[in-house]
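Structure record follows, encoded as structure tokens.
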Amino acid sequence: MAETKTIALTINGRDRKVAAPANATLLETLRELGYFEVKSGCEKGDCGACAVLVDGEAIDSCLALTWTVAGRAVTTVAGLSLGGAKHPLIEAFEKSGAVQCGYCTPGLIVAAQSMLKDTPEPDDDDIRLGLSGNLCRCTGYTKVFDAVRDAAAVLRGAESQA
Amino acid sequence: MTGAPQDWTRAPNVNLRQVGKPLVRTDVPGKAQGRTRFAGDHVMPNMLHAKVLRAPKASARLTRLDAAKARALEGVVCVLTAADLADRRAATDIPGQTGRKRLATDQQILVRERVRYHGEPLALIAAETLALAERAADLIEYDLEPLPGVFDPVEALKPGAPIVQGTDNVVATYKVRKGDLEAGFAEAERVVENTFRTQFVEHAFLEPEVGLAWVDENEVINIRVSTQVIEHFRAIADALGVAHNQVRILGSMVGGGFGGKEDVTVEIYLALLAQATGRPVRLAYTREDSFFGHGKRHPFVITHRTGVTQDGRITAVQITMTADAGAYVFLSPYVLLYAVVAGPGPYRIDNVHIDARAVATNNMYTSAFRGFGAAQACVAHEQQMDEIAKELGLDRLELRRRNFLRTGDEIATGYAIESAVWSDDCMTKAWAALGERAPEDGPVKIGRGVATYQQSYGRITWLHDTSEAWVGVEIDATVVVRSGVTDIGAGQVSALAQIAAELLGVSLGEVTVYNSDSATTPLAGTTTATRALYMTGNAVHLAAEALRGRLIGRAAEEFGVAPSEVDLAESRAFVIDAPDKSMALKDLVGICASEGIHRSELAMFRAPFTGEIDPETGQGRVHPDYAFGAHAVEVAVDTETGEVTVLKSVGAHDVGQAINPAAVAGQIEGGAAQGQGYALSEAMIYRDGELMTPSFSEYLIPTAMDMPRVQSIILESRSGLGPFGAKGIGEPALTPVAPAIANAVADAIGRRVFELPITPERIVMALREAEPRKGPR
Ligand code: FES
Ligand code: FES
């Protein structure tokens, strides 16, 4: 049996202490804790369904060992809207119809958030690149492009008002 | 046969308030916010974790299987092998509401003696943790003695070939004999013959198969599972040898299906383990399990020999089709039939011969996949149309126009189309939407292609398909719909809510739909065959209409007018010509409740029922109706590397009536991507039956990098058999895409690759063959 230790980290703004074996992936740990919005699609880094933010950067949680995120801030799609208002990306995904079966959606939204941090005014090719690690079998990505551009505009507006 | 009306106009006086609007689907907020629980997101106390051990060979005899070490491992609760299952078998036939079943299509649940395909299950394990279950799988010892296998359907037909199914490997044949083929060819001025090949394709839904089973206090086996078909409770009960009312299937929102969750997947394994252990059991396939664990799209070899006059009229077509059924029967006979019905395409051809067969091999079994045979047929007939046009020096669109079916014309199987056939409109609009042609740049050539199709919606009419739905209104005037329909991501549930909202005069937010539970929701049939909206939409329409009639009747009494003068909208009942005479729906419902007027309705919708087609001629009705449309693309092909970039992709489809145009557009966009993968990159490679591509790094589906923005053009003839004149879009969205791309590549490089996928290697090879040889020979 692999060695288990308890690490401290922040998940969706909440400080948590988590006991995890050395070989546990962040995906496994998060789902064990009930963060079912983090999906498993391949567990090999091929699909992006498991994407979460670690200190604001999207990673495939199936490839990260839980121990390696000790002391860091993990955010899932459910943690994006903290503070009441629905996150503009979530709002835009809903309004644009960028969601079909929805299995890829939490990962796509998280990846989009990570991309927009560095590229606040993306064109379609920026979005393609930013989301290239996230497979979606249902939407053909067209409405995803719409949603990300709409959300980017909203986020820029919020930024300039701040 | 001719002279039928071609101009369908919108039905008059239709004033839709909810239907036809691009509303946010009811299921979407929960999914976008991460609140939706999929089948894999449920856990239970005391739950075990399961694993399936699979055979690493495609054709072998199992001479020894010893699970003693696995059973002895601490934390392993149960290991099941064929020896533990007596002679239990599982049906692979169509899920049905009809009780009909073909003979000799059952399958062993676990390998008893003979392994017929790579990945066939040898044993089931349930343990306290997944890691233990996986370790136990490694501890099971077995010997597999290789047997000769057969991996090509044509080889499998030869005398002396190893027999995989039946006596001759032929699992189904169909033929069409329509008109006078010889006379048709005699009339022809040119005969064009080509052979087209398609590959094994994987559904690649993002959510791998998953389920959780437990036995409850009434000894009912409950299975919460990701499935397109909750009616499988019957087949599961039969496999277990328990009564049908002792198995309950609870669906969840399904993380993609595309036909890949149409057959039973994990349900029987879960039920057996839950029964054996008396504890809840969870089985979640890994992605690799999923590549091994469900049937694939059939590879087809299709030859068209077409007779045509100089001015482009098709006088005869002779088609042969051979499909690889893989190791077990599953839905192969039906897929083959659909390919036959759609064989010649959406064209009026009076003289047709088709000979089709599905043949068993030691490859992975093949079954349902969006497009269901009609997609493979379309790959062939649409490339053939372009080849004919080239041969005649005729415009490709014009050739199609000269041959399109019209309403009232008979298709290959003799059924005369009653609904609108807007193929020409769709094709013309899709083509026009391509706009200006991209400039060519050195070795990069630009090409365009179009494809049209004839795709059925609804199941085979001799299956006597039905669908039930329950609609009720609560005392506060909110609405409840109960329907067994599964939602596989296309908005099936939301469409039902939209229909009920329309008829009962409430907003979408005031409708709650309970779906996909074989114990508590009326059985609606499968979410397959582009039938969910057609069948279940009609059932909800019937139920809501009946309820509406009672509410309006009571309101009319209250207002002292005739019922025809009353309407429902915005949660009120009112007199149409005197809107100040109105009352809150809530008050009306209150009156009904206090007077014992029934506030709910259970309705059944029945598709057209027929007998089977004539086996000698293939003539008769096979489907309720057909959808028509087109897809057009523009591609850039780098003639040095063979790389293809899809620059523009436009789908134009007559959907009859869009219940939710945003959802329809979503289907078209998704179909464009799935069809693009089919055309260019996706192939399940089996080498001597062994799968070489069991991951997303080997099996390449389109990413955001590969996709242009897809344009959707929605036409509405209101001529369909679905609610408000709807047809369907689930499968049609995919069907024409791959041949449109194939035609565009051929247009760009002046050579055709006759086999999908059209990979860079094949393009480069085709171009090399075209080059004049240099130097002396
Ligand atoms: S599950 Fe992590 S990338 Fe697929
Ligand atoms: S919406 Fe189904 S995989 Fe993206």
What's the Kirkwood radius of region B:694-777 in Å, using all Cα pairs?
16.8 Å
So what is the 222 nm mean residue ellipticity for chain B from helices alone, if each DSSP H run of at least 4 adds -39500 (n - 2.57) and you divide by all residues, rounding to the nearest 500 deg cm²/dmol?
-7500 deg cm²/dmol
Can you give the accessible area of B:His598 in Å² (nearest 10), computed on protein heavy atoms with a 1.4 Å probe?
120 Å²
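Name the trypsin sites (Lys or Arg not before Pro) in region B:519-611 that are in a loop by DSSP and that have at most 13 other C-beta atoms within 10 Å, would you? Walk me through the intermediate numbers first.
Details: sites: B:Arg531, B:Arg548, B:Arg550, B:Arg554, B:Arg572, B:Lys581, B:Lys586, B:Arg599, B:Arg606; in loops: B:Arg531, B:Arg599.
The qualifying sites: there are none.
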So which of B:Lys175/B:Lys429; A:Lys86/B:Lys31; B:Lys429/B:Lys648; B:Lys390/B:Lys445 end up more than 25 Å apart, counting from Cα to Cα?
B:Lys175/B:Lys429
Step through the residues of region B:52-62 one at a time and calculate ³J(HN,Hα) from phi using the Karplus curve (6.51 cos²θ - 1.76 cosθ + 1.60, θ = phi - 60°), rounding each to whole Hz and writing x for Gly and Pro.
10, 8, 10, 6, x, 10, 8, 8, 7, 9, 7
If you take the beta carbon distance between B:Glu155 and A:Thr68 as r and set R0 to 56 Å, what does 1/(1 + (r/R0)^6) give as a FRET efficiency, to the nearest 0.05?
0.60
Can you give the accessible area of B:Ser712, probe radius 1.4 Å, in Å² rounded to 10?
40 Å²
With label points set 7 Å from each Cα along the Cα-to-Cβ direction at B:Ala243 and B:Asp66, the distance between them in nm comes to 4.4 nm
Measure nothing but the geometry: give the 0 to 90° angle between the long axis through the Cα atoms of A:142-161 and the longest principal axis through the Cα atoms of chain A, rounded to 10°.
90 degrees
Which residues in region B:440-467 have a backbone N closer than 18 Å to a point placed 7 Å from the Cα of B:Asp395 along the Cα-to-Cβ line?
B:448-452
Placing one equal point scatterer on each C-alpha of region A:81-161 and summing with Debye, one gets log10 I(q)/I(0) at q = 0.11, 0.21, 0.27 Å⁻¹ equal to -0.24, -0.91, -1.49
Keeping all protein chains in position, work out how much accessible area B:Met44 exposes to a 1.4 Å probe, and write it in Å² to the nearest 10.
60 Å²
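How crowded by other chains is B:698-711, given as the mean number of beta carbons from other chains within 10 Å of each beta carbon? Write out the running numbers ahead of the final one.
Values: counts 1, 1, 0, 5, 5, 10, 21, 7, 3, 9, 6, 7, 5, 1.
Counting Cβ atoms of other protein chains within 10 Å of each residue's Cβ and averaging gives 6.
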At the nearest 100 Å², what buried accessible area, both sides summed, do you get for B and A when the probe is 1.4 Å?
3700 Å²
Restrict the search to region B:109-174; then list the GluC sites (Glu not before Pro) that DSSP places in a loop and that have at most 16 other Cβ atoms within 10 Å of their Cβ.
B:Glu113, B:Glu128
Could you run the Karplus curve 6.51 cos²θ - 1.76 cosθ + 1.60 with θ = phi - 60° over region B:693-699 and give me ³J(HN,Hα) per residue in whole Hz, x for Gly and Pro?
10, x, 7, 6, 8, 9, 9
So B:Asn46 and B:Asp138, fully extended at 0.36 nm per residue minus their Cα-Cα distance, gain in nm 30.7 nm
Applied in sequence order to region B:113-119, the curve 6.51 cos²θ - 1.76 cosθ + 1.60 (Karplus, θ = phi - 60°) yields integer Hz couplings, x standing for Gly and Pro, of 9, 10, 8, 10, 8, 5, x
Pairs of alpha-carbon atoms within less than 8 angstrom and 6+ residues apart define the contacts here; what relative contact order does chain B have, in percent?
16 percent
Within chain B, what whole-number % of the accessible surface is contributed by carbon and sulfur, with the 1.4 Å probe and all protein chains included in the calculation?
49 percent
Using a 1.4 Å probe over the heavy atoms of the protein chains, calculate the carbon and sulfur portion of the accessible area of chain A as a whole percent.
49 percent
Against the longest principal axis of chain A, how steep is helix A:105-118, in degrees 0 to 90 to the nearest 10, with axes from Cα atoms?
70 degrees
Can you give me the accessible area per residue for the protein assembly as shown, using a 1.4 Å probe, in Å²?
36 Å²
To the nearest 500 deg cm²/dmol, what mean residue ellipticity at 222 nm is calculated for chain A from DSSP H runs of n ≥ 4 alone, each contributing -39,500 (n - 2.57), summed and divided by the residues?
-11000 deg cm²/dmol
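Out of the GluC sites (Glu not before Pro) in region B:420-470, which ones are loop residues according to DSSP with at most 14 other C-beta atoms within 10 Å? Provide the component values of the computation, followed by the final result.
On the way: sites: B:Glu436, B:Glu440, B:Glu468; in loops: B:Glu436, B:Glu440.
Sparse-neighbourhood loop GluC sites (Glu not before Pro): B:Glu436, B:Glu440.
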Where in chain B are the DSSP H helices whose alpha-carbon span along the long axis reaches 24 Å or more and whose Kyte-Doolittle mean is at least 0.0?
B:538-559, B:661-680
Calculated FRET value between A:Thr119 and B:Glu698, using beta carbons and R₀ = 25 Å, to 0.05:
0.25
Determine the shielding of peptide B:198-211 by partner chains: average, over its residues, the number of Cβ atoms on other chains within 10 angstrom of each Cβ.
3
How much net charge surrounds B:Pro661 when only the other residues with a Cβ under 11 Å from the Cβ of B:Pro661 are counted, with Lys and Arg +1 and Asp and Glu -1?
0
Here the residues of region B:469-513 whose accessible area is at least 10 Å² smaller with all protein chains than in the chain alone (probe 1.4 Å) are B:Gly489
For peptide A:44-57, compute the average count of partner chain beta-carbon atoms within 10 Å of each residue's beta-carbon.
2
Shape parameters for region A:37-138, alpha-carbon atoms, Rg then Dmax in Å
13.1, 38
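The values are calculated or read from the model by the stated rules, or taken from the named source; none is laboratory data. A quick note: this is a predicted structure, and the numbers were derived from the prediction, not measured. Note that each Cβ is placed from the backbone with ideal geometry, even for glycine, and that neighbours are counted across all protein chains shown. Heads up: the accessible areas ignore ligands, DNA and RNA and are worked out on the full protein's heavy atoms, side chains in. Shrake-Rupley method; radii C 1.70, N 1.55, O 1.52, S 1.80 Å.
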